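The values are calculated or read from the model by the stated rules, or taken from the named source; none is laboratory data. Owing to the predicted nature of the structure, the values given are computational and were not obtained by experimental measurement. Here the Cβ is made from the backbone with ideal geometry for all residues, glycine too, and neighbour counts use every protein chain on show.
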Amino acid sequence: MDDAVPETPAVAEDEPAPDPGFDPAAPAPLNVPRTPTGVADVDASLDRLGDADHLATDGHIEVYEDVHRGLRDALTALDARPGPPAPPSQHGPRS
């Protein structure tokens, strides 16, 4: 049995030394640009997506569900608005 400790591989001279504070598994922002839509509720929901940048992957689902709910509510509100009045019937009342 060999009790020798394996050597750590040497870093090539042309490669920078790894940052000891860098954790590749840590959350990192995606920096995906979001273009404002001009609709305050929709923009607020889309801005909420940025919160996922600072969370571990298992925390993304809560943000995505919240954004989905906000966008769905905005679409539902469009259906609830009264539309233009119906055109008058050309045929009059039918019996």
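Pairs under 8 Å by beta carbon, first residue farther than 30 Å from Ala26 by Cα in the stretch 57-86, partner hydrophobic (A, V, I, L, M, F, W, C) and at pLDDT below 95, six or more apart or different chains?
From residues that are farther than 30 Å from Ala26 by Cα, the pairs are Ala74/Val39; Ala74/Val42.
Does the stretch 39-95 hold any residues that are exposed (fewer than 11 other Cβ atoms within 10 Å of the Cβ), under 12 Å from the mean Cα position of the chain (by Cα) and modelled with pLDDT of 90 or more, and which are they?
Selection gives Glu65 alone.
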